[in-house]
2 protein chains.
Amino acid sequence: MAVGPFTQDELDEIYAFAVDLGRKAGKILMERVDQRISDANGRSNSFEEKENAVDIVTQTDEDVEVFIRSALEAKYPSHKFLGEEAYAKGQSRDYLIDEQPTWCIDPLDGTVNYTHIFPMFCVSIGFIVQHKPIIGVIYAPFTDQLWSSCSGRGAWLNETRRLPLIHNPTPPMPANAPSQCIFSCEWGKDRRDIPDGNMHRKIESFLNMAAEVGSRDGRGGMVHGVRSLGSATLDLAYVAMGSFDIWWEGGCWEWDVAAGAAILLEAGGLMTTANPPDDVDTAPIEDVQLGSRLYLAIRPAGPSTTETGRETQERTVREVWRRVRNLEYSRPGA
Amino acid sequence: MAVGPFTQDELDEIYAFAVDLGRKAGKILMERVDQRISDANGRSNSFEEKENAVDIVTQTDEDVEVFIRSALEAKYPSHKFLGEEAYAKGQSRDYLIDEQPTWCIDPLDGTVNYTHIFPMFCVSIGFIVQHKPIIGVIYAPFTDQLWSSCSGRGAWLNETRRLPLIHNPTPPMPANAPSQCIFSCEWGKDRRDIPDGNMHRKIESFLNMAAEVGSRDGRGGMVHGVRSLGSATLDLAYVAMGSFDIWWEGGCWEWDVAAGAAILLEAGGLMTTANPPDDVDTAPIEDVQLGSRLYLAIRPAGPSTTETGRETQERTVREVWRRVRNLEYSRPGA
């Protein structure tokens, strides 16, 4: 399947390059972890000296981004490159993705996990053409798990297991969703204790999703489980796998979700906005804007006896919207 | 180091047997997952038919428990055996661990994760002598991670990496803990929307731990991250690793924590009660009662310039107690 200026053969080659690059970048992340473990008397007595730990992470982040950027610029000099670290150092947080073929990468997602050596950290490499994420690579080196996808070639775990894991046939969303669903969400960094601020709106939403059916003015969703991993990228990888049914989040950026969105969409998932529209029953369910900072992802789903797979997903989107609050995350230029 | 009637040599042999048993049991769990993935047209179209999925899990749970129990009874006929499944089917939930050498096992922890094929599930095998968990084996087969410990022999990841991962020296708890800490907690199964019930007390406690310092009447803890994995056993494994700094939970049972407690304690961690005493500043910090259903775990910690490692842990316990509510989980006979 051709996409924009690319033939399938060209995409296949770019995909193979991205997978290899993801593995190599993850290896660097893991080498630095091993250094910290074996060299603890040195600079990495870092739980005590926070500055120190932050420095290590920042340095690793930068080194891995430079490694990825150099490799991509050498191989594909005509492609655009956007990395989290380059963004963070720049003046602007404008949304910079346009029609051009663009690499959108996060050298290290799950930074807090990385600092604490909790294995839920990863490198994330997304390739976007005409605003569509079409190739995604996510590699978590501690557990050696790689999620990847290429438009027209399916989505995979470790290049051998097709996503979603149960796909023959892929089950529909539960008839009583969000009940029976695993709900993935994050507490995030905004911890300001402002009445009706983002933190309280999030927690109220989590509570609605979790509470028994019939409670909370009919909003109780009685999800099967609530999970928080501390990595938006891995949250999306697990939604693409079918492990998580619903991911709802505000505040992260396009480099956190570009690769995950590519993998989720190729696997048959749905991604739209986190914020409920005025009329949750009838509003069209539009594709997410990659730079919107507001994301709701639903796992791949097949048909039930009465609905298409997409209908079961859209029904779930509306049930989530009924239970969550609007979050306030703006961005310059968006 | 001898424990009760056992010499170190005897413990070493029991430990080796338990590690091998954990790996074999985990392999059965993973074989069943592979069956569900490859055989999805059959009985495992299970997201839709919940009864079906529950049946699969129940059957796996039982099969693996029988496998472990048979192996242990053949090898160590004089030891007592307590398994989650045997408990669940019995009439009583009395606490049955006494002075005798006792195996306390959970054939499958993280049942909801297992149903949804989220990799955070595991087998858990604990060996208890004179009320002390002295051998622990936790195996998560999807990511092939094994945590283990034997009294006198240290605690390990995959039998090669010593726990906690950073141990040379092991860092103290942060001076401003719970700030800079990763806080691990679970939403659990009790979702009744009762004012001041367990669910609301939990969420209030989570919020206190998460909110910015200075907020919430001084209770804001501004933890570095809040994580929920859906497996008490793996939560404890990650505390023993040093990845999570604090785990606070009510409602689980001794088979959920026996192996994890053995590993955590051997790694240098601390485990006490989740419920704050009347005087959080001066109350003695006592070892947890394995059957208490109320657990607070602190990661292994070394000395700072002014405190012993234990002092940094005890200081952290009191800071957690200041921020959390009492939970109500009773048990018959306890």
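Throughout, read-outs are computed from the coordinates displayed, never taken from laboratory work. Source: prediction; values computed, not measured. Because the Cβ atoms are built from the backbone with ideal geometry, glycine has one as well, and the counts that use them run over all protein chains shown.
Provide the percentage of antiparallel DSSP beta bridges, counting only those with both residues in segment B:50-140; round to the nearest 5.
Working: 13 of 17 bridges.
So the antiparallel bridges amount to about 75 percent of the total.
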Practice item. Show the residues, 5+ positions off or on another chain, whose built amide H is closer than 5 Å to the amide H of B:Arg227. Key: B:Phe183, B:Ser184, B:Cys185
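Please sort A:10-21, A:170-181 by packing, taking for each peptide the average over its residues of neighbouring beta carbons within 10 angstrom, highest first. Spell out each step's value before the answer.
Working: A:10-21: 17.8, A:170-181: 21.9.
Highest-to-lowest ranking by the protection proxy: A:170-181, A:10-21.
Between B:Asp9 and B:Ser78, what is 0.36 nm times their sequence separation minus the Cα-Cα distance? Round to one decimal in nm. Spell out each step's value before the answer.
Working: separation 69, 0.36 × 69 = 24.84 nm, distance 1.78 nm.
My answer for the length gained is 23.1 nm.
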Practice item. Would you please state the base-10 log of I(q)/I(0) at q = 0.10 1/Å for segment B:136-288, with intensities from the Debye formula using one equal scatterer on every alpha carbon? Key: -0.38
Study note, to complete from the structure: Computed curve, the protein assembly as shown, Cα-only Debye sum without solvent term, log₁₀ I(q)/I(0) at 0.05, 0.06, 0.10 Å⁻¹, is -0.22, -0.31, -0.92
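For a quick protection proxy, order the peptides A:22-29, B:305-312, A:196-203 by their average other-Cβ count within 10 Å, most packed first. Intermediate values should be presented prior to the final figure.
Numbers: A:22-29: 20.0, B:305-312: 14.8, A:196-203: 17.5.
The packing order, highest mean first, is A:22-29, A:196-203, B:305-312.
Please say if segment A:233-288 is rounded, prolate or oblate, where rounded means a/c under 1.5 for a ≥ b ≥ c the square roots of the C-alpha gyration tensor eigenvalues, and otherwise the choice is prolate for a/b larger than b/c and oblate otherwise? Show your work: numbers first, answer last.
Numbers: a/c = 1.97, a/b = 1.55, b/c = 1.27.
It comes out prolate by the Cα gyration axes.
With viscosity set to 1.306 mPa s and temperature to 10 °C, compute the Stokes-Einstein D of segment B:127-177, Rh being the Kirkwood radius across alpha carbon pairs; µm²/s, no decimals. Intermediate results must be reported in sequence, preceding the final value.
On the way: Rh = 12.7 Å.
Here the translational diffusion coefficient equals 125 µm²/s.
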Revision key, fill the gap. By the mean-Cβ-within-10 Å protection proxy, highest first, A:129-137, B:286-294, B:184-192 rank as A:129-137, B:184-192, B:286-294
**Study point:** Sites A:Thr58 and A:Arg192, calculated FRET efficiency, Cβ-Cβ separation with R0 25 Å, nearest 0.05
**Key:** 0.55
Exercise for review: Please list the non-local residues whose amide H lies under 5 Å from the amide H of A:Ile134, H modeled 1.01 Å from N, same-chain partners needing a gap of 5 or more.
Suggested key: A:Phe127, A:Ile128, A:Val129
Review point. Using a label point 7 angstrom from Cα along Cα-to-C-beta, what distances in nm, from shortest up, separate B:Arg310 from the other copies?
Key: 6.5
Review point. Quick one: Karplus J couplings for segment A:158-174, per residue in order, coefficients 6.51, -1.76, 1.60, θ = phi - 60°, nearest Hz, x for Gly and Pro?
Key: 6, 6, 10, 9, 6, 9, x, 4, 9, 9, 9, x, 5, x, x, 5, x
Exercise for review: For A:Glu13, place a label point 7 Å out from Cα along the Cα→Cβ vector, do the same in each other copy, and report the separations in nm, one decimal, smallest first.
Suggested key: 6.4
Study note, to complete from the structure: If R0 = 35 Å, then B:Asp34 and B:Arg162, at their Cβ-Cβ distance, give a FRET efficiency to the nearest 0.05 of 0.65
Review point. Taking the Cα centre of each part, how many Å lie between segment A:178-197 and segment B:203-265?
Key: 17 Å
Exercise for review: Output, in nm with one decimal and in ascending order, the distances from the A:Ala74 label point to the matching label points of the other copies (7 Å from Cα along Cα-to-Cβ).
Suggested key: 5.6
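Averaged across B:191-199, how many Cβ atoms of other chains sit within 10 Å of each residue's Cβ atom? All intermediate terms of the calculation are to be shown ahead of the outcome.
Numbers: counts 12, 4, 11, 2, 0, 0, 0, 0, 5.
That works out to 4 on average.
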Study note, to complete from the structure: Applied in sequence order to segment B:314-320, the curve 6.51 cos²θ - 1.76 cosθ + 1.60 (Karplus, θ = phi - 60°) yields integer Hz couplings, x standing for Gly and Pro, of 5, 4, 5, 3, 5, 5, 5
Practice item. State, as an integer percentage, the relative contact order of segment A:8-162 based on alpha-carbon contacts under 8 Å between residues 6 or more apart. Key: 22 percent
Check your understanding: Looking at chain A, what % of its DSSP beta bridges pair antiparallel, to the nearest 5?
Key -> 80 percent
Exercise for review: Quote the Stokes-Einstein diffusion coefficient, in whole µm² s⁻¹, for chain B, based on the Kirkwood radius over alpha carbon pairs, a temperature of 10 °C and a viscosity of 1.306 mPa s.
Suggested key: 78 µm²/s
Exercise for review: With label points built 7 Å along Cα→Cβ from the Cα atoms of A:Thr308 and A:Ser70, find their separation and express it in nm.
Suggested key: 4.8 nm
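Stretch B:Ala86-B:His131 to full length: gain in nm at 0.36 nm per residue minus the Cα-Cα span?
Working: separation 45, 0.36 × 45 = 16.20 nm, distance 2.01 nm.
Contour length minus the Cα-Cα distance gives 14.2 nm.
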Revision key, fill the gap. Expected max-MSF residue from A:Phe206, A:Phe118, A:Phe183 in the GNM of chain A (alpha carbon, under 10 Å) is A:Phe118
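Could you work out, residue by residue across B:237-246, how many beta carbons of other chains sit within 10 Å of that residue's beta carbon, and then give the average as an integer?
Average neighbour count from other chains, rounded to a whole number: 3.
What is the average number of partner chain Cβ atoms found within 10 Å of a Cβ in A:211-224?
Details: counts 6, 6, 2, 1, 5, 1, 0, 0, 1, 3, 1, 1, 3, 8.
Whole-number average of other-chain Cβ neighbours for A:211-224 is 3.
Kindly identify segment B:263-324 as rounded, prolate or oblate by the Cα gyration tensor criterion: order the square roots of the eigenvalues as a ≥ b ≥ c, call it rounded if a/c is under 1.5, otherwise compare a/b with b/c, prolate if a/b is larger, else oblate.
On the way: a/c = 2.25, a/b = 1.18, b/c = 1.90.
Note, shape of segment B:263-324 comes out oblate.
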Point to revise | Long-range amide H partners of B:Cys122 with built H, under 5 Å | key: B:Asp109
Exercise for review: Enumerate the calculated ³J(HN,Hα) couplings along segment B:224-240 in order (Karplus 6.51 cos²θ - 1.76 cosθ + 1.60, θ = phi - 60°), each rounded to whole Hz, writing x wherever the residue is Gly or Pro.
Suggested key: 5, x, 10, 10, 9, 9, x, 8, 4, 4, 6, 3, 5, 4, 6, 5, 4
Exercise for review: Compute the signed sum of charges (Lys and Arg +1, Asp and Glu -1) over the other residues within less than 10 Å, Cβ to Cβ, of B:Arg153.
Suggested key: -2
